[in-house]
Amino acid sequence: MKARHALLLPLFTLLAACGAEKAETVAIDAKRIRAHMEFLADDLLEGRNTGERGHEIAAAYFATQCKLMGLEPAGEEGSYFQQVPFRSSRLVEATGTLTLQGEARALVAPNDIRVDASHAAAEESGSGAIVFAGWGISAPEFGYDDYASLDVEGKVVMLVARGAPDTFPSTQRAYYSSGSYKIREAVRRGARGVLFLTQPAMQARFTWEQVLGYSGRPSLEWIAPDGSVPNAHPELAFVATPSYALQAELLEFAPLPAEEVYEKLKAAEPVAFELPAEIAITRKSAWEEIRSPNVACMLPGSDPVLRDEYVVFTGHLDHVGVREREGEEDAIHNGAYDNAAGIAMLLEAARAYTGMEEKPKRSLIFLAVTAEEKGLLGSDYWARHPTVPMSKVVANVNIDMPVLTFTMADVIAYGAEHSEIGDIVAARAAEVELAVGPDPWPEEVIFVRSDQYSFVRAGVPSLFLVPGWQAAEDGVDGPAEMRAFLETHYHKPSDDLALPFSMDAAERFTRLNWLVGLDIANRDAPVQWRPGDFFGERFPRAAE
């Protein structure tokens, strides 16, 4: 079987060169993918940080490639760009007092507690009694509610960050694990502040000293045209993370040992209690306004009716920039796989569509978004301020961090099971000899950590394909390779062009994304959510 892969792709290329017009014969060129990566992951671009020079160069590169392919501008005011305004908030000062069993003591930030900057007010103070609400989740469809026995009005809610019961299905688990959901739920119930706890597994991966290494960096939120910051939460006086030592001290007041608390929560057994403690925090934040572009181009559809509907392909153009760390000789985070590779595939898929004699029926938008690394902000802005009517966007196909260090035998199709896209993926994956595997690391809640989730929240059926962990090559331990990337290279300077790159993996993975997009674009009817689907019911489509 492995030998057949090597023969099939050159045959596809040969047939395409001879003018064959079947979708299966349109050429995908891994050399072009690699060439795009080599530019986007070059030191010249300084890690493509949102709002900085390197990202501007990358945006200009993407727009230029669109022009070369003859793709139409799909940004604002007839351009390829949609400028996104951001509020950059940096914590200037934070002071706090913890009163535990009637005894008050000062909290020294950031060593005792890391306080987030505010996007809502330059100076805020708040206090309240502390209550522990487990995961901070209310999921009636699973018969689970951390708040069932608690009144948190005017109090400070202590929650476990980034997690949900192991019994929840993968993508629903990801939804309930997100910090944005947990904060919204706490606000909805009247909380005055939020304290996030860190699971033991995450404490083992990142020391408190490493966590503090991220303190002091500004955070971003986009600014609406009316000057408001919709994702800010003025109801909360503070959001903060106690030190690991302080977390352990606070959990001593639980009705059972901390280890058992976490085990029960994983097993969907709520643990909630009030602490004999109050906390007061004052924070001051400094603001700066910056701008950074989304870049969008379009291939108009060939059908006179369906061309007014859109399939949006996304990939994030940004990475994390230059980060000086002690002991590192190279501070540039090139982001070769995260996400120069995804943008390269987006461009190659666009080129393949433009080379077809008979173009897809629906219009295709290729959208390179900014600020994914800051919390999916560029895609969230586009989904709420789209450059085409959102009611006409029928689907999103997202490409983010395809790790191609070996030839994979399977893919993971995040979101596919929630809509008719799943049927398309199953059929097309078989054609390119890739299995569709289960989520191998549900605890990482991948589904809410890339840009397709912004489209899901806008009611759009979406797909996020990821190369799987199973290798098609003899002697390659796929799971070990993927874990090594995540542990050694993810968000580190070593995610660069020196890493191995499989041409075969790049061609087949790009082809699968391309074929799925083609089928979505050519269907007589738009893809629909599955009847009664969790996300389809929670996030209705935009109105006409």
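The values are calculated or read from the model by the stated rules, or taken from the named source; none is laboratory data. Being a predicted model, the structure only gives us computed values, none of them experimental. FYI the Cβ positions are ideal-geometry reconstructions off the backbone, even for glycines, and counts take in every protein chain you see.
The condition of being over 22 Å from residue 80 (Cα atoms), out of contact with any His (no Cβ under 9 Å at 6 or more places or on another chain) and assigned to a loop (DSSP other than H, G, I, E, B) holds for residue 402. Screening the candidates 379, 391 for the property of being surrounded by fewer than 24 Cβ atoms within 10 Å (Cβ to Cβ), outside any loop (DSSP other than H, G, I, E, B) and either modelled with pLDDT of 95 or more or of a type in the set (Lys, Arg) (or both) yields one hit, 391. For region 412-456, the set of residues classified as assigned to a strand (DSSP E or B), more than 14 Å from the chain's Cα centre (by Cα) and either among the hydrophobic types (A, V, I, L, M, F, W, C) or crowded, with 20+ Cβ neighbours inside 10 Å (or both) consists of 412, 413, 419, 435, 436, listed by residue number. Applying the criterion of at least 2 residues that are more than 23 Å from the chain's Cα centre (by Cα) to the strands (runs of 3 or more DSSP E) found wholly in region 233-333 leaves 238-242, 273-299. Regarding residue 538, is this residue of a type in the set (Lys, Arg) and surrounded by fewer than 19 Cβ atoms within 10 Å (Cβ to Cβ)? For residue 538, the condition - of a type in the set (Lys, Arg) and surrounded by fewer than 19 Cβ atoms within 10 Å (Cβ to Cβ) - is met. Residues that are within 26 Å of residue 302 (Cβ to Cβ) and in contact with a Ser or Thr (Cβ under 9 Å, 6 or more places away or on another chain) within region 364-382 comprise 365, 366, 367, 368, 382, listed in sequence order.
When the criteria are applied in full, residue 210 meets the requirement of being assigned by TED's automatic domain parsing to the domain that holds residue 136, without any contact (Cβ under 8 Å) to a residue 24 or more places away in the chain, within 26 Å of the chain's Cα centre (by Cα) and in a helix (DSSP H, G or I).
Residue count for region 144-167 satisfying the condition of being under 18 Å from residue 254 (Cβ atoms), more than 21 Å from the chain's Cα centre (by Cα), part of a loop (DSSP other than H, G, I, E, B) and not polar (S, T, N, Q): 6.
Has region 479-501 got any residue that is of a type in the set (Ser, Thr, Tyr) and farther than 22 Å from residue 369 by Cα? Yes, some residue in region 479-501 is of a type in the set (Ser, Thr, Tyr) and farther than 22 Å from residue 369 by Cα.
Pairing residues of region 489-504 that are assigned by TED's automatic domain parsing to the domain that holds residue 467 with residues that are of a type in the set (Phe, Trp, Tyr) and in a loop (DSSP other than H, G, I, E, B), at Cβ distances under 8 Å and at least 6 apart in sequence or on separate chains, gives 500/406; 502/406. Just for region 477-503: of the residues that are in a helix (DSSP H, G or I) and acidic (Asp, Glu), which one is modelled with the highest pLDDT? Among those residues, the one meeting the criterion is 481.
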